[in-house]
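Just below is one structure, and these are the notes that go with it.
The values are calculated or read from the model by the stated rules, or taken from the named source; none is laboratory data. No experiment lies behind these values; they were computed from the predicted model shown. Here the Cβ is made from the backbone with ideal geometry for all residues, glycine too, and neighbour counts use every protein chain on show.
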């Protein structure tokens, strides 16, 4: 006998939780599709040589290698032929390069799949987790206008997910680069080091950061450090304020000015797209992966739960697939790590787990002789698009109600001998705690009305 | 520069095909949910000790093992700790055993995920493929009534998939066992060997089979062989005929009689569930995995494409999870191998690849100055639930139309200066090849009506 257990570092859900998780996945997908993004799925494994092109190598990214029984027996030297994807970006790069001549650019794609990382074992760290990505890929060039569209998608997704107020924080890597260069920090790596220190502002305080940056390792002037601290402290409040803060930056290098112009265009279009100004702001401390992003960068925070950190991040990059093609493929995209987000929301008590089931109606069975009648009622409900479960074996009615209630099924339909004779059924609405009788022919349409109302109220 | 390519043995789709594939997945899921099945997802890898319990071992099932960079470096003796699932049945067994006390039985679950097998490289053989499974698991016992429900699900799924007429073929392992025992073939393995010979009937003819079974290896009597050939040739036509053929079998051993009684009950309930009699038949040659199934067995064939083989198979089993728990968990279930089915339908020309896109409308851009107007139109369409793409950069209108047409987008919305001034937009319906003008406020609702009509016509 083997003890049944999942490997460490995975999130496996019970059906009720899985339904809640699936609803979130569906909402994300629906909104991605609403903005015209097309679905892509790639294999869970890629050739190792495809996956491990970037510097840094497999160790840093904690890759999982895959070997068939046969390959394992052969023992071979070198790395195994296959490895599990550790993100959806490398597979996208490979996909776009491989199918370049069959795709139309700009190429809007969404991809919702699981990725794999051999993380150290730790609470809240996952070795398998969902990423929900969108990217727009251009050929040779891609207008900054798409950066605004991406922001509108973030807004649509999190509005409909309904997990609380959120703010999409915007910055621009060109603006940052231009600014740091003006402070004498010209080297990209050096900028990263300075930013890492600045990131400690909340935890260690301004004095600590000032001391470090003016100290031996960095040797910056006190005025320079203050200018940096002022810069990264910028947070806009509202649309007009955001534009005013860009104006207040004045003029600088070409890179600096271009960063400002891009942010201004993004802000203009975000407004035209109808995104409410409470949902976005400038935050000049947002940096993201410094070696990868080159323009707009996004982070999204739940206003009530800043400790959760960014729930949706991304930005603009210069060239997606330089390892696989000579074509220049600039892009902009974001990623939602849904497994971690779901886990965090559950930890914060924001996922009730007592949501309605995907099963909407249950036909109770009062005695075995009425099974054919139950099946016929269920058939009518299903034909009307109502998810319906039938009690296939007679047992105490109280038990059947208890089951429906625990399972989160809203409607219990009863048809005893008397009701069958009168051509009616009794419906118990466990949500509204009401009971009513309805003609058998009208059952499906009346439940449908109730369910449509509930859907409309929930904004789904 | 690395040549971008997928590993051999996977099916990667272009977006248009992916949309068609996704529609099939959605249809299957919708119908599984309609019958009250609950979603379960399990991790892609299981502990090797969990996965490799059954006799036969890993070699036969061509398992893929998974090792993190760290584990690989350690080289360890013995098998790697993790392996990719090769079906959804073993993970279900582990899941139900692990969560036994948190689940309610009978437990109806659906699971739609990819599985992995290190198959030999061959056209039409996949190393990664989707399985779409449902199972009902009972505790201690499970009524044969659920076997009828499963058949009704198969019928609902393939009716809505709309890939042509199909027949669900039914048999019962108890009936077969009882029959073969009466012919003196009492041993299960021997029954399997006889059936394997009988399976050659179509290819080699009756004389060949008769010769083999009466020959040295089997030593059966000529009359016995003829009785077997008569038995496996049974195919019912219609409901009444199916019942008549069961009657014609007469009485036999307890096992034999029980098989008949089960088939009769399944047929009765299938009728009560409203499944049309043209959709199912008895076929006494259907055997399925002989060491696993113990009662009802199903295979489903496309009437017009018998060469594709069974597109949905399954049956009743005695005990799901004996390796992980002492509880007895009988069940009944089916599996649809969608990757292979999609591939076969495409090969047979049954997947057009010219279906409508998931993008329903495209807002064209006549000149850059009207972008804000385009974005506003798109916002209204999206708010009404219409998947809408915006042309973000001005280019020749002919190019924009060509793009929409190739992409399978039905509606192109145009709003030039003149239209904007008059508060209207022009719509080109590329499906009906019509053009009309509509007030800006009425655009979303009028496109919605058209799309609902199309959906109703398509029976979705």
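Would you point out which residue out of B:175, B:170, B:92 is under 27 Å from residue B:271 (Cα atoms), under 19 Å from the mean Cα position of the chain (by Cα), touching a residue at least 40 places away in the same chain (Cβ under 8 Å) and not in a loop (DSSP other than H, G, I, E, B)?
B:170
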Check your understanding: Restricting the search to the stretch B:421-442, which residues are crowded, with 16+ Cβ neighbours inside 10 Å and not in a strand (DSSP E or B)?
Key -> B:430, B:440
Study note, to complete from the structure: In the set B:385, B:373, the lone residue that is within 24 Å of residue A:153 (Cβ to Cβ) and more than 41 Å from the chain's Cα centre (by Cα) is B:373
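Let's see how each residue does on (1) outside any helix (DSSP H, G or I); (2) within 14 Å of chain B (Cβ to nearest Cβ); (3) touching a helix residue (DSSP H, G or I) at 6+ places or on another chain (Cβ under 8 Å):
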site	(1), (2), (3)
A:197	no, no, yes
A:208	no, no, no
A:228	no, no, yes
A:242	no, no, yes
A:265	no, yes, yes
A:269	no, yes, yes
A:275	yes, yes, yes
Check your understanding: Inside the stretch A:36-63, can you point out the residues that are facing chain B (nearest Cβ under 7 Å), part of a loop (DSSP other than H, G, I, E, B) and modelled with pLDDT of 95 or more?
Key -> A:36, A:40, A:41, A:42, A:43, A:44
Check your understanding: In the stretch B:308-356, which residues are buried (at least 20 other Cβ atoms within 10 Å of the Cβ), part of a loop (DSSP other than H, G, I, E, B), within 14 Å of chain A (Cβ to nearest Cβ) and touching a helix residue (DSSP H, G or I) at 6+ places or on another chain (Cβ under 9 Å)?
Key -> B:320, B:321, B:324, B:325, B:329
Exercise for review: Please find, among A:10, A:96, the residue that is over 23 Å from residue B:51 (Cα atoms), within 9 Å of chain B (Cβ to nearest Cβ) and modelled with pLDDT of 95 or more.
Suggested key: A:96
Exercise for review: Filter the stretch A:136-176 for residues that are within 13 Å of another protein chain (Cβ to nearest Cβ), under 26 Å from residue B:370 (Cβ atoms) and in contact with a helix residue (DSSP H, G or I) (Cβ under 7 Å, 6 or more places away or on another chain) and give the result.
Suggested key: A:136, A:137, A:144, A:145, A:147, A:148, A:151, A:152, A:153, A:155, A:156
Check your understanding: So which residues in the stretch A:381-417 are part of a helix (DSSP H, G or I), more than 22 Å from residue A:15 (Cα to Cα) and in contact with a strand residue (DSSP E or B) (Cβ under 9 Å, 6 or more places away or on another chain), if there are any at all?
Key -> A:381, A:397
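Based on this model, can you work out whether residue B:192 counts as surrounded by 18 or more Cβ atoms within 10 Å (Cβ to Cβ) and either closer than 27 Å to residue B:93 by Cα or modelled with pLDDT of 90 or more (or both)?
Numbers: surrounded by 18 or more Cβ atoms within 10 Å (Cβ to Cβ): no; either closer than 27 Å to residue B:93 by Cα or modelled with pLDDT of 90 or more (or both): yes.
It is false that residue B:192 is surrounded by 18 or more Cβ atoms within 10 Å (Cβ to Cβ) and either closer than 27 Å to residue B:93 by Cα or modelled with pLDDT of 90 or more (or both).
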Review point. Just wondering, is there one or more residues in the stretch B:398-416 that are at pLDDT below 95 and on the phi > 0 side of the Ramachandran plot?
Key: yes
Review point. What is the residue count in the stretch B:357-402 for residues that are touching a residue at least 40 places away in the same chain (Cβ under 8 Å) and within 12 Å of another protein chain (Cβ to nearest Cβ)?
Key: 17
Review point. Would you pick out the residues in the stretch A:1-22 that are more than 17 Å from the chain's Cα centre (by Cα), assigned to a loop (DSSP other than H, G, I, E, B), touching a residue at least 40 places away in the same chain (Cβ under 8 Å) and crowded, with 17+ Cβ neighbours inside 10 Å?
Key: A:7, A:9, A:10
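In this structure, is residue B:125 out of contact with any strand residue (DSSP E or B) (no Cβ under 7 Å at 6 or more places or on another chain) and either assigned to a loop (DSSP other than H, G, I, E, B) or modelled with pLDDT of 90 or more (or both)?
Against the criterion (out of contact with any strand residue (DSSP E or B) (no Cβ under 7 Å at 6 or more places or on another chain) and either assigned to a loop (DSSP other than H, G, I, E, B) or modelled with pLDDT of 90 or more (or both)), residue B:125 qualifies.
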